[in-house]
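Visitor: Quick one: the structure is below, questions incoming.
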Amino acid sequence: MTGGTAEVAKLLAGSTATPGALATMSTMLDEYTKSSGILLDARDQLKAAADRLSSQIARMEDRLALRRLALQQEFTAADAAMARLKNQSGSIASLGSGL
């Protein structure tokens with residue numbers, strides 16, 4: 001900065017012998033964004049992780065649906081058993097009152 005605007009321009013744009021800060025940044029950005037660059041690799045890894053999580057969620061939902069069905073069947077069976085017991089209790093009570 002003490003050398004004036006020419007020094008700042010040389011720092012940013014560079015010269016024929018050495019690239020400036022902007023050229024260096026451009027080269028770095030090219031490395032990050034090219035087809036096998038860091039950003040695309042990171043995006044692909046995140047997409048693969050999201051796909052794995054979606055598969056795990058789908059499998060867990062399937063297991064939960066099966067478990068819910070089993071619990072509903074158990075509840076229905078228990079409810080039917082309770083109704084039978086109540087009916088038998090009424091029958092036993094009527095037998096006792098008939099004696």
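Visitor: So SER55 ticks every box in (1) closer than 30 Å to ASP30 by Cβ; (2) modelled with pLDDT of 90 or more but one. Which box is left unticked?
Guide: Only one criterion is unmet by SER55, namely (1).
Visitor: Since GLY20 meets every condition but one in (1) at pLDDT below 95; (2) out of contact with any Leu (no Cβ under 8 Å at 6 or more places or on another chain), which condition does it not meet?
Guide: Looking at each condition in turn, GLY20 falls short on (2).
The values are calculated or read from the model by the stated rules, or taken from the named source; none is laboratory data. Just so it is clear, the structure is predicted and the values come from calculations on it, not from any experiment. Using ideal geometry, Cβ is built from the backbone for each residue, glycine included, and neighbour counts are taken over all protein chains shown.
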